[in-house]
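Accompanying notes for the structure given below.
Values in this text are rule-based calculations from the coordinates and carry no lab data. Bear in mind that the values here come from a model prediction, so they are computed numbers and not experimental data. Ideal geometry is used to build each Cβ from the backbone, glycine not excepted, and the neighbour counts take in all protein chains shown.
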C-alpha cells in the first residue's frame with residue numbers, strides 16, 4: 001500500500017480532513033434520492049466508513065459492502081448503536097450477492113467514478129436485472145463546464161474514472177436504467193467547494 005493510499009484510507013482523514021479540504025461534506029441529498037423507508041432492504045456498495053449511519057433512517061435491513069477492511073471495521077463498530085439489522089462486510093458485490101440480498105434500494109455513493117465503464121456497466125446491469133430493486137441512488141464527482149475548482153478536486157480524486165454528466169448518463173442508459181431524478185449539488189450546501197452529480201435511477205431506460 002502506498003503512503004498516498006495509507007493516508008487517504010485512514011478513517012479519521014476520510015471523515016474529518018477530506019471534508020475540511022472541500023468545504024464540508026453533506027450527503028443528505030443522495031440519501032433523500034434513495035427514498036428508503038422502514039420496510040426497505042438497503043444494499044450499500046462502497047459503503048466506506050459507514051456514512052449511511054449519519055443519513056439513513058430505520059430500515060428493515062441494511063447490508064454495506066466495501067473492499068477496505070479498515071473502513072469496514074470502523075463502520076461495524078459505529079453500527080452497534082443502530083441494531084443488528086445493520087451489517088457491514090468486506091467484499092465485492094456480484095450478481096449472486098445481489099440476488100441473495102434481494103435489495104429494494106441500492107446506494108452507490110461515491111462509487112461509479114472508481115469503476116471503469118466495463119465494471120460500472122456490469123454492476124448497474126446486474127442491479128437493473130434484479131426485480132426487487134425499486135430505486136438506485138448515486139453520487140459522484142463530475143467534470144462540469146466552467147467549474148474550475150470543482151474540476152480540480154475531481155482530477156485529484158482517488159477515483160480514476162471521473163466522467164462528465166453525459167458519460168454517467170450513457171452508462172445508466174446502457175444498463176437499462178432510467179434517470180428519475182438528476183441534481184448537481186455542492187459537497188456542502190453552505191461552504192462546499194466540490195460539486196457532485198446525484199442520480200435517482202429506476203428500471204426501464
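What number, in percent, do you get for the relative contact order of the chain if the mean sequence gap of Cα pairs under 8 Å and at least 6 apart is divided by its residue count? Working shown, then result.
Details: 404 pairs, mean separation 44.9, N = 205.
With pairs under 8 Å counted, the relative contact order is 22 percent.
Express the Stokes-Einstein translational diffusion coefficient of segment 98-161 in µm² s⁻¹, to the nearest whole number, given a Kirkwood radius over alpha-carbon pairs, 25 °C and a viscosity of 0.890 mPa s. Please list the in-between numbers first.
Numbers: Rh = 13.1 Å.
Here the translational diffusion coefficient equals 187 µm²/s.
Gain in length, residue 95 to residue 129, computed as 0.36 nm per residue apart minus the alpha-carbon separation, to one decimal in nm?
On the way: separation 34, 0.36 × 34 = 12.24 nm, distance 0.91 nm.
Value of the extension gain: 11.3 nm.
Which of the peptides 98-106, 44-52 is most tightly packed, and how do the rest follow, going by the mean number of other Cβ atoms within 10 Å of each residue?
Working: 98-106: 19.2, 44-52: 24.9.
With the highest mean Cβ count within 10 Å placed first, the list reads 44-52, 98-106.
Tell me the mean residue ellipticity at 222 nm calculated for the chain from its helices only (DSSP H runs of n ≥ 4, each -39500 (n - 2.57), averaged over every residue, nearest 500). Kindly include the intermediate steps, with their values, before the conclusion.
Values: 9 runs with 70 residues, N = 205.
Taking each H run of at least 4 residues, the total per residue is -9000 deg cm²/dmol.
Considering the values (i) 42, 18, 14; (ii) 31, 21, 15; (iii) 24, 22, 16, which represents semi-axes √(5λ) of the Cα gyration tensor in Å as calculated for the structure under consideration?
(iii)
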